[in-house]
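Structure record follows, encoded as structure tokens.
The values are calculated or read from the model by the stated rules, or taken from the named source; none is laboratory data. Just so we're clear, the structure is a prediction, and the values are computed from it rather than from any experiment. Don't worry about glycine lacking a Cβ; one is built from the backbone with ideal geometry, like all the others, and counts go over all protein chains shown. These accessible areas exclude ligands, DNA and RNA; they are computed on the full protein's heavy atoms, side chains included. Shrake-Rupley method; radii C 1.70, N 1.55, O 1.52, S 1.80 Å.
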Amino acid sequence: MATCSPGEFLILPRNSHISAISALVLSGAVPKYIVPDYENDWDIAGGVTPLQVLKAIQELEMEGKKAAAVFITSPTYHGICSNLSEISELCHSHKIPLLVDEAHGAHFGFHTELPNSALQQGADLTVQSTHKVLCSLTQSSMLHMSGNIVDKEKISRCLQTLQSTSPSYLLLASLDAARAQLSESPDVVFNQAMALAYEAKCMLKRIPGISVLENSSFPTFPAIDPLRLTVGFWKVGLSGYEADEILYGDYGVVCELVGNKSITYAFNLGTCRDHVQRLLSGIKHLAATYVTIQQPEERVLTVHAPFDDKITSLIPRDAFFASKRKVTIKESIGEISGELICPYPPGIPVLIPGEVITKKAVDYLLHVRSKGGDITGASDPLLSSIVVCNV
């Protein structure tokens with residue numbers, strides 16, 4: 001809202017968090033989507049490259065338009081980092097501010113083996129969910145600003161329209177406590193978490209049938225967060241949902257994110273050796289059990305998130321306020337979506353208000369639900385019907 005007025009263009013990845021789409025509704029900005037890189041083996045979307053950002057800027061310029069801002073998610077939920085240094089340099093050369101969703105990167109810059117933070121790489125505005133990897137209370141976060149491209153007073157005015165006039169001092173105090181914890185020993189505070197994450201990855205690589213996500217899977221991106229551990233189970237014939245049910249039910253292992261073919265775990269300042277031992281024991285037993293059964297890899301179908309064939313008929317704001325009706329899921333194909341529907345986690349929308357509903361999108365949502373994934377945003381949680389726009 002502080003950078004995009006109604007009708008202005010915002011460049012952003014199609015796999016942005018649901019909150020970014022809500023911001024499009026509030027601001028009236030027009031999305032110019034970038035389709036992220038996709039890793040087929042893992043069924044995981046990556047980050048955004050500088051070349052993709054440049055292409056989006058140039059496509060708008062060819063139409064006589066200019067982006068009001070560029071919005072990037074880095075790191076992604078899986079820890080994949082975009083090259084923000086090059087992207088910020090590119091944006092600033094076109095006098096465009098760079099906004100970064102750094103929700104999962106509040107710890108960046110606090111260890112020599114961690115990537116630099118978004119601000120260190122030249123971002124103008126960045127939002128960090130301090131509660132995700134640092135130790136503040138859930139829901140608490142920080143907005144950071146650098147430089148003078150973005151109007152600081154406009155940011156304050158926008159915050160006033162969105163924030164409560166009765167803030168929680170528990171949340172504010174927890175943010176200050178998290179800051180104090182880092183300031184006491186900023187150079188070594190993450191040593192234990194980094195060592196445990198490295199140890200876990202090394203041990204998991206030795207287990208037959210188990211895959212570990214590494215930089216080599218996304219060679220066009222500079223780094224993957226060392227404190228994110230993504231484990232693949234397709235070689236033992238299990239989906240991520242099935243493996244998580246076993247690991248949680250039998251070993252009490254709580255994951256950060258479940259996917260079609262993998263599970264992602266987060267290491268933080270509270271992670272201890274007992275947590276890692278339970279994780280390793282559980283995965284060793286799971287792998288030994290299912291490798292013996294020798295289930296085929298093909299049992300875990302790869303159904304890609306349908307981000308690459310989207311047609312936007314209405315901007316999110318117009319679709320949000322349009323009159324609507326409810327139709328069966330079969331009848332919805334070809335209609336304009338009137339609701340935002342996404343699997344959670346990671347909270348990345350498959351259908352956004354204003355987009356034409358495709359069979360691919362419907363099939364993907366039904367597949368996720370059949371595998372045990374949670375679908376949020378839908379007025380009908382069973383997905384037997386979908387709300388569409390009357391246009």
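Some notes on this structure:
- Among the residues making up region 30-75, a single one is among the hydroxyl-bearing types (Ser, Thr, Tyr) and open to solvent by less than 10 Å² (accessible area, probe 1.4 Å): SER74.
- Qualifying positions in region 314-337 - part of a loop (DSSP other than H, G, I, E, B) and open to solvent by less than 10 Å² (accessible area, probe 1.4 Å): SER332
- Region 35-64, residues that are under 18 Å from GLU102 (Cα atoms) and either hydrophobic (A, V, I, L, M, F, W, C) or modelled with pLDDT under 95 (or both): PRO36, ALA45, GLY46, GLY47, VAL48, VAL53
- When region 82-113 is filtered for residues that are assigned to a strand (DSSP E or B) and either among the polar types (S, T, N, Q) or open to solvent by 30 Å² or more (accessible area, probe 1.4 Å) (or both), nothing remains.
- Residue in region 203-211 that is assigned to a helix (DSSP H, G or I), hydrophobic (A, V, I, L, M, F, W, C), on the phi < 0 side of the Ramachandran plot and open to solvent by 50 Å² or more (accessible area, probe 1.4 Å) present: yes
- Count of region 127-177 residues which are in a helix (DSSP H, G or I) and either crowded, with 16+ Cβ neighbours inside 10 Å or not β-branched (Val, Ile, Thr) (or both): 23
- Restricting LEU182, LEU196, LEU204, LEU227 to residues that are aliphatic (A, V, I, L, M) and over 22 Å from HIS131 (Cα atoms) narrows the list to LEU204.
- Those residues of region 247-288 which are among the aliphatic types (A, V, I, L, M), in contact with a Ser or Thr (Cβ under 9 Å, 6 or more places away or on another chain) and farther than 17 Å from LEU204 by Cα, in sequence order: LEU257, VAL258
- Search result, residues across region 104-150 that are under 18 Å from the mean Cα position of the chain (by Cα), of a type in the set (A, V, I, L, M, F, W, C) and over 18 Å from ALA2 (Cβ atoms): ALA106, PHE108, VAL133, LEU134
- Restricting attention to region 345-375, the residues that are closer than 30 Å to ALA266 by Cα and either part of a loop (DSSP other than H, G, I, E, B) or touching a residue at least 60 places away in the same chain (Cβ under 8 Å) (or both) total 14.
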